[in-house]
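J.: The structure is given below, and queries will be raised subsequently.
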Amino acid sequence: MRFNEVYESERATRRFTNRKVLDRVLEEIVKEAQHSPSLLNSQPWRVYAVTGDSLSKIKASFKEKAKAGEEANEDFASMLSLNWDTFPSQNMATMGASQTYFFRNKMELFNKSNNEMFNAPAIYYLTIPKKSPAWSVFDLGIFAQSLMLCAINHELHVMPAHSLVSYPDVIHQYAGIPETEAISMGIAVGYKDRGAEVNDPKFFPPRLPLEKIYKLIK
Ligand SMILES: Cc1cc2nc3c(=O)[nH]c(=O)nc-3n(C[C@H](O)[C@H](O)[C@H](O)COP(=O)(O)O)c2cc1C
């Protein structure tokens, strides 16, 4: 695919079909994403592609915990400060993904898709060591974007979601991830369910006007 085609089609997919992703493809995508730059080539990331029975167990356990009202307990929330500046907080409040559902009276579609882990056939869990500088978080973000673009180039769709890492203890258990690693992010991949209302382009959230984020200084 042409780069622009890949880049412009990057959108959150909140419902996948039941079609599986080949193991070979899951591996190739990670190999391609390894081209990403990182501070002093530190490559702090590790990737666990979880599918099949292990993923079913994670989904069942997440569902149980959510039903029991257990609070999310993301590793990043305990590692990093959550005192956000007003600039991103205001953007979230006025143009975040959940807002577009909320304002169309369809918040239940958004919540249900998250609670069902998007019916994803495969989830990449990305980790960095718990002992990491902020640079590694930056590096992981670059890596995550590469991974998503490479997945789209393989004709897949992607769903990055912190709701996929709400209960890290469950993921540590079923994916066999050492306690020294922070389960930083989950990226679901698969094939978009084009008939699902939750995937309707009318829910695509807009971006800020360029002048709000960009200045050319001479
Ligand atoms: C770090 C991160 C966490 C996210 N967490 C969630 C999530 O938990 N649930 C969800 O439905 N979307 C989640 N998203 C998707 C964003 O809401 C989405 O990318 C954003 O609103 C822009 O929409 P678009 O990707 O469709 O252009 C997340 C995205 C990122 C990058």
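The values are calculated or read from the model by the stated rules, or taken from the named source; none is laboratory data. What you are looking at is a predicted structure, and each value in this text was computed from that prediction instead of being measured. No Cβ is skipped: glycine too gets one built from the backbone with ideal geometry, and neighbour counts run over all protein chains shown. Heavy atoms of the whole protein, side chains included, go into the accessibility calculation; ligands, DNA and RNA do not. Shrake-Rupley method; radii C 1.70, N 1.55, O 1.52, S 1.80 Å.
J.: Over region 53-153, give the accessible area per residue in Å² for a 1.4 Å probe, as an integer.
T.: 58
J.: Note down, for region 1-78, the three equivalent ellipsoid semi-axes (square root of 5 times each alpha carbon gyration tensor eigenvalue), biggest first, whole angstrom.
T.: 28, 20, 15
J.: If you roll a 1.4 Å probe over region 82-126 with all protein chains in place, what percent of the accessible area is carbon or sulfur?
T.: Answer for region 82-126: carbon and sulfur cover 56 percent of the accessible area.
J.: Taking the highest mean first, how do the peptides 193-202, 23-32, 63-72, 6-15 order by number of other beta carbon atoms within 10 angstrom per residue?
T.: 6-15, 23-32, 193-202, 63-72
J.: I'd like the FRET efficiency for residue 57 and residue 112, computed as 1/(1 + (r/R0)^6) with the beta carbon distance as r and R0 of 22 Å, rounded to 0.05.
T.: About 0.60, to the nearest 0.05.
J.: Give me the base-10 log of I(q)/I(0) for region 57-198 at each q in 0.17, 0.19, 0.22 Å⁻¹, Debye formula, one uniform scatterer per Cα, rounded to two decimals.
T.: Evaluating at q = 0.17, 0.19, 0.22 Å⁻¹ gives log10 I(q)/I(0) of -1.17, -1.44, -1.61.
J.: One quarter of the convex hull surface, Cα atoms only: what value does that give for region 22-64 in nm²?
T.: The Cα convex hull of region 22-64, projected and averaged over all directions, gives 4.1 nm².
J.: Can you flag which of 67/130; 57/192; 65/131 are past 25 Å Cα-Cα?
T.: 67/130; 65/131
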